[in-house]
1. Could you tell me which residue of the stretch 218-253 is surrounded by the most Cβ atoms within 10 Å (Cβ to Cβ), considering only residues that are charged (D, E, K, R) and closer than 30 Å to F274 by Cβ?
2. Scanning the stretch 56-88 for residues that are in contact with a strand residue (DSSP E or B) (Cβ under 9 Å, 6 or more places away or on another chain) and either part of a loop (DSSP other than H, G, I, E, B) or more than 30 Å from Q139 (Cα to Cα) (or both), which turns out modelled with the lowest pLDDT?
3. Can you tell me which of E183, E234 is of a type in the set (D, E) and either in contact with a helix residue (DSSP H, G or I) (Cβ under 7 Å, 6 or more places away or on another chain) or closer than 30 Å to Q23 by Cβ (or both)?
4. Residues to consider are L256, L266; find the one that is surrounded by 15 or more Cβ atoms within 10 Å (Cβ to Cβ) and more than 15 Å from the chain's Cα centre (by Cα).
5. List every residue pair whose Cβ atoms lie under 8 Å apart, where the two residues are 6 or more positions apart in sequence or sit on different chains, the first residue falls within the stretch 99-117 and is among the acidic types (D, E), and the second residue, located anywhere, is in a loop (DSSP other than H, G, I, E, B).
6. Taking into account only those residues within the stretch 97-121 that are under 20 Å from A273 (Cα atoms) and surrounded by fewer than 20 Cβ atoms within 10 Å (Cβ to Cβ), which is farthest from the chain's Cα centre (by Cα)?
7. Going by what's in this entry, would H130 be described as under 25 Å from P246 (Cα atoms) and either buried (at least 24 other Cβ atoms within 10 Å of the Cβ) or modelled with pLDDT of 85 or more (or both)?
8. Can you name the residue in the stretch 166-217 that is more than 21 Å from E271 (Cβ to Cβ) and β-branched (V, I, T) and, of all such residues, is surrounded by the fewest Cβ atoms within 10 Å (Cβ to Cβ)?
Amino acid sequence: MCHILERRTVRFTLLHQENIEFQNFGLRNNVAQLCVLKMNQDLSELDVDSQTSLTPTTKSRSLVIGNIHVLFNPNRGDVKLGQVRLFLEKAYKLSREWGCIPVIIGGDLNSIPQSPMYQFMASSKLDVRHYDRRRISEQVQHPSQCGSFRSQNEKASSFWTSISRPMLYRWSEEELQLATGSEGVTYLQHHLKLCSAYLGVPGSCRTRDDHGEPLATSYHSKFKGTVDYIWHTEELVPVRVLETLPVNILKRIGGLPNEKWGSDHLALVCELAFIDDCDRT
């Protein structure tokens, strides 16, 4: 994540980078990365002095970029929440330190659309008492039919709306500590106002679910569905996205990985613009 390159022109300068090793916080051995990038208006304007004099007050066209791989184990919703909580806290802190700059977050959340984890990302809050920690990600093995992807997301959505009923789940003190980072706390909240990039760009029913997320970003023998996302703060707007492969194509090629795709995940790509740039056009 040192630089983002386009053809032969360096479009960004790396101002800051840091890694998160979750095992150092008692949250298993997954990792995340964060960096601060500054857009270069003109490559010729860059010199050694200007790069070495950059400080956290450099706000002009800078971004916090984050990437995370959340624990897979569906039964450990406490650890999953703890990893995402810590990641978002550090992303928000970096944004503030560098002048309240926009944030872009991507990665494998190992949670499906409309799950409690997804809702925590989207709504900024979650009362863990209303959820079974084994259902935080709603990540179960999916049937292979295309229609089942929609019904699975609808089930997750129904599960979310059902919390209006007074139903409380028991979490141990250790599980609450891992999930919320504090003893005796049951309410999670983050300070980033996040939007899903793919929700912001209309897509085809061949590749999107009823809510607008991809039908599948991973497709193999143990799991078929969406667990990967790109999120951004409200200072940015998605212009276009790379559509994922339709489920019937994934079935035809025998799932992932294969000879053409070396990963069991599909790539997500989004072009984003600054809101103020859009206002001037």
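1. Initial filter on the stretch 218-253 (charged (D, E, K, R)): 222, 224, 228, 234-235, 240, 243, 251-252.
Now drop any that are not closer than 30 Å to F274 by Cβ, which leaves 228, 234-235, 240, 243.
Details: D228: 21, E234: 12, E235: 16, R240: 13, E243: 17.
This residue is D228.
2. Taking the stretch 56-88 as the starting set, the residues that turn out to be in contact with a strand residue (DSSP E or B) (Cβ under 9 Å, 6 or more places away or on another chain) are 56, 58, 60-70, 72, 81, 83-88.
With either part of a loop (DSSP other than H, G, I, E, B) or more than 30 Å from Q139 (Cα to Cα) (or both) added as a condition, the list becomes 56, 58, 60-63, 70, 72.
Numbers: P56: 55, T58: 47, S60: 68, R61: 90, S62: 95, L63: 96, V70: 98, F72: 95.
This residue is T58.
3. Values: E234 fails: either in contact with a helix residue (DSSP H, G or I) (Cβ under 7 Å, 6 or more places away or on another chain) or closer than 30 Å to Q23 by Cβ (or both).
When all the criteria are applied, what remains is E183.
4. Details: L266 fails: more than 15 Å from the chain's Cα centre (by Cα).
Checking each option against the conditions leaves just L256.
5. Final answer for the pair search is D108/V70; D108/V227.
6. It comes out as G99.
7. Working: under 25 Å from P246 (Cα atoms): no; either buried (at least 24 other Cβ atoms within 10 Å of the Cβ) or modelled with pLDDT of 85 or more (or both): yes.
So H130 does not fit the description; no.
8. V185
The values are calculated or read from the model by the stated rules, or taken from the named source; none is laboratory data. Because the structure is predicted, anything quoted here is derived from the model rather than measured. Reconstructed Cβ throughout: ideal geometry from the backbone, glycine too, with neighbour counts over all protein chains shown.
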